[in-house]
Number of protein chains: 2
Amino acid sequence: MVKRIAIIGSGNWGSAIARIIGQTTSQHKDTFDSHVKMWVYEEIVNGEKLSEVINQRHENVKYLPGKKIPENVVAVTDLVETCKDADFLIFVVPHQFVAGLCKQLKGNIKSDAQGISMIKGLALNTGAKSGINLITDEIKSILDIKCSVLMGANLAHEVAEDQFCEATIGYNGTNPEEEVILKKLFHTDFFRISVVKDANTVELCGALKNVVAVAAGISDGLGYGDNTKAAIIRLGLMEITKFAERFYPPSNLKTFFQSCGVADLVTTCYGGRNRKLGMAFAKSDKDIKTLEKEILHGQSAQGVYTAEELREMLKQNNAEKDFPLFIGVDKVCKKEIKPEDLIEYLKNHPEHD
Amino acid sequence: MVKRIAIIGSGNWGSAIARIIGQTTSQHKDTFDSHVKMWVYEEIVNGEKLSEVINQRHENVKYLPGKKIPENVVAVTDLVETCKDADFLIFVVPHQFVAGLCKQLKGNIKSDAQGISMIKGLALNTGAKSGINLITDEIKSILDIKCSVLMGANLAHEVAEDQFCEATIGYNGTNPEEEVILKKLFHTDFFRISVVKDANTVELCGALKNVVAVAAGISDGLGYGDNTKAAIIRLGLMEITKFAERFYPPSNLKTFFQSCGVADLVTTCYGGRNRKLGMAFAKSDKDIKTLEKEILHGQSAQGVYTAEELREMLKQNNAEKDFPLFIGVDKVCKKEIKPEDLIEYLKNHPEHD
């Protein structure tokens, strides 16, 4: 039986990955149904329905203009229709929409369907375990399905240009055949996949790197050079590893050497909007919301909000002193301390003891 | 008995570290003799002897202008005079001078003296074991002393500005007291030291990162974006870990998380002259020597030569296929393949199997 694929989301990253999924499912017809459905949140773009533009001209003119989406990927505006027959549900939407979409899907998908989350972020935990929640845990808990993740140093527009890059799939199952299928679904000549059995760590890397990028931006904004930035990136990486080991054990140190780990962290700390916001914040008296409007055109710098959630969780676990970078970023963003004080905090990092 | 320190070298990095050593030896008078000797290769600068300028005005006007060298660091032009009573010899000279200096010191130092190498590079092995040699092995074999290393993401001029950064000491001894002394000698409020018992790995990181930086520069020169560069940095890191495990076992994966590892690698791949040369090489038809003259003002891009030595060594060990980045950099620099072909090589990296 060939596997059916549904892509939930059709923004910039969703459209870029649709190019890959369209290719791999056509290439491996013995493994996949090459008819792929992609859920599109309907919008009117220049007087036309986005879903119709995608199905007629095979291009997402709003979110990935100029790049062809393979004809075997079909835009569907009904979420349940998109997913009801699918064996694999690829989640690639902003994290705040996940719970709502899953609730719509509940009871309307195959019982042995599996999820793959490409969402870098965290959910707020509303259950007994306070603080943060993994997006995959949110998906699993609502839909009662298995859920893997795909993360890496993957700027969507570069992936859409077929530039060579790598990504990491975190798969916690025990079925070697499934592992092979997952790799086949994403692996192309230029998009190179490694599969590791450490899904939580892969997902945490994708979420926590943004906090480190805010700190790297603060350092840049204060005028510090390469040495200080390198120290911040490294100390941030150590806090991510420590967080994973402590709150989501077991975590394998080797996972941090994958694209999801050090590669994505570095890229985010040298480019990306979290670093940009941190830099602007350190240089001005404006608050975060104002800067998001002014320099991020209203997009949010996820690292700022992740830091807030982390601090709350670390406080409840009496672990604040072990994570001075995570805590410091929240304190700076809330103007409880000055940007310069973050650097002072890091000079006394427990890593140096 | 307080420990006496000799600094062998007084260039940019030597002078920056002299500022730190002057401070720590004054601060810990119970541990160190605060009278520190620094060997200066005598030069005439603006009609004055460099050693006399340093001793009178406490500034290395040629290699670190504008920064005060503490008065307890005294410039000495006689190498044996500098080192004969020292308990710790800090080597901070260009790698090609190490053997010659050690030969001058042979028989003229304390029998229980120890070395600390701050030199990032490799020596050519002239013995039975062909290929490369660690600088510390060179020092040990000529002087018959123990030798530690200090490496990290440490641009000299930023260290001289007291900007916060980190460094790693690799110490392979078994004496906890010595470990404490080594840390005391370098650790300040802004220059933060971690000591690990994995000196070979620390040293290899400092030498091999330059090869990866040439590859990163080639990618930049070809116009590839952040994703490809991140993949190159990561694959380079994987080759460094594999090289250390295979040729200098045992190597601890945790060491790569230190400043000497991922931090120094990243800094070198985003700045630094190896990356600069790789970028220029990918964009022009000129050969390496011409570009070194034109854009590096005659300085050499160490990564190019390290890649050549590595390739020879890997060939002799029949291990070329496991290190496509190291091998590819040498092939590109010798114009055996085009810069674009390096990227093709990496798309089929054994890491993706």
Flag if B:Ser10 is assigned to a loop (DSSP other than H, G, I, E, B) and crowded, with 19+ Cβ neighbours inside 10 Å: yes
Matching residues in segment A:146-176 - criterion: being of a type in the set (D, E, K, R) and over 30 Å from B:Ala215 (Cα atoms): A:Lys146
Output for segment B:59-84, where each listed residue is open to solvent by less than 20 Å² (accessible area, probe 1.4 Å) and either small (Gly, Ala, Ser) or part of a strand (DSSP E or B) (or both): B:Val73, B:Ala75
Only listed residue being in the same structural domain as B:Phe32 (by the TED database), more than 17 Å from the chain's Cα centre (by Cα) and among the aliphatic types (A, V, I, L, M), chosen from B:Leu185, B:Leu222: B:Leu185
Residue within segment A:314-330 that is in contact with a Cys (Cβ under 9 Å, 6 or more places away or on another chain) and not basic (Lys, Arg) present: no
Residues located in segment B:130-178, provided they are small (Gly, Ala, Ser) and more than 18 Å from the chain's Cα centre (by Cα): B:Ser130, B:Gly131, B:Ser141, B:Gly173
Qualifying residue in segment B:243-257 (condition: charged (D, E, K, R) and either buried (at least 24 other Cβ atoms within 10 Å of the Cβ) or under 18 Å from the mean Cα position of the chain (by Cα) (or both)): no
Count of segment A:147-190 residues which are of a type in the set (A, V, I, L, M, F, W, C), over 28 Å from A:Pro65 (Cα atoms) and open to solvent by 60 Å² or more (accessible area, probe 1.4 Å): 1
Counted residues, segment A:85-102 - those being open to solvent by 50 Å² or more (accessible area, probe 1.4 Å) and of a type outside the set (Phe, Trp, Tyr): 3
Index of the failed condition, B:Val262 passing every other in (1) facing chain A (nearest Cβ under 9 Å); (2) touching a residue at least 40 places away in the same chain (Cβ under 8 Å); (3) not polar (S, T, N, Q): (2)
Qualifying positions in segment B:220-244 - more than 8 Å from chain A (Cβ to nearest Cβ) and either small (Gly, Ala, Ser) or more than 16 Å from A:Ile193 (Cα to Cα) (or both): B:Asp220, B:Gly221, B:Leu222, B:Gly223, B:Gly236, B:Glu239, B:Ile240, B:Lys242, B:Phe243, B:Ala244
Residues that are open to solvent by 50 Å² or more (accessible area, probe 1.4 Å) and over 22 Å from the mean Cα position of the chain (by Cα), drawn from segment A:268-288: A:Lys283, A:Asp285, A:Lys286, A:Asp287
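Let's see how each residue does on (1) touching a residue at least 12 places away in the same chain (Cβ under 8 Å); (2) under 17 Å from A:Val332 (Cα atoms):
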position	(1), (2)
A:Asp198	yes, no
A:Gly206	yes, no
A:Val212	yes, yes
A:Gly223	no, yes
A:Asp226	no, no
A:Arg234	no, no
Sole exception among (1) touching a residue at least 60 places away in the same chain (Cβ under 8 Å); (2) within 14 Å of another protein chain (Cβ to nearest Cβ) for A:Gly217, by number: (2)
A:Gln56 being free of Cβ contacts under 8 Å to residues at least 40 places away in the same chain, in the same structural domain as A:Phe186 (by the TED database) and assigned to a helix (DSSP H, G or I): yes
Residue within segment B:139-146 that is within 14 Å of another protein chain (Cβ to nearest Cβ), touching a Ser or Thr at 6+ places or on another chain (Cβ under 8 Å) and open to solvent by less than 10 Å² (accessible area, probe 1.4 Å) present: no
Extreme residue, nearest to the other protein chains (Cβ to nearest Cβ), among residues of segment A:316-344 that are more than 25 Å from the chain's Cα centre (by Cα) and open to solvent by 80 Å² or more (accessible area, probe 1.4 Å): A:Glu344
Helices (runs of 4 or more DSSP H) contained in segment B:245-353 and holding at least 3 residues among the charged types (D, E, K, R) and closer than 24 Å to B:Ala199 by Cα: B:302-316
Residues satisfying the stated conditions in segment B:35-53, i.e. without any contact (Cβ under 8 Å) to a residue 24 or more places away in the chain and touching a helix residue (DSSP H, G or I) at 6+ places or on another chain (Cβ under 8 Å): B:Glu43, B:Ile44, B:Val45
Which numbered condition A:Asn175 fails, given (1) among the polar types (S, T, N, Q); (2) farther than 30 Å from A:Arg273 by Cα; (3) touching a strand residue (DSSP E or B) at 6+ places or on another chain (Cβ under 8 Å): (3)
Residue list for segment A:289-315, restricted to those being closer than 28 Å to A:Phe243 by Cα, surrounded by fewer than 18 Cβ atoms within 10 Å (Cβ to Cβ) and in contact with an Asp or Glu (Cβ under 8 Å, 6 or more places away or on another chain): A:Gln299, A:Ser300, A:Glu308
Any hit, segment A:294-303, residues being closer than 20 Å to A:Lys229 by Cβ, away from chain B (no Cβ under 12 Å) and aliphatic (A, V, I, L, M): yes
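The values are calculated or read from the model by the stated rules, or taken from the named source; none is laboratory data. Being a predicted model, the structure only gives us computed values, none of them experimental. Cβ atoms come from the backbone with ideal geometry, glycine included; neighbour counts cover every protein chain shown. For the accessible areas, the whole protein counts, side chains as well, though only heavy atoms, and no ligand, DNA or RNA atoms are used. Shrake-Rupley method; radii C 1.70, N 1.55, O 1.52, S 1.80 Å.
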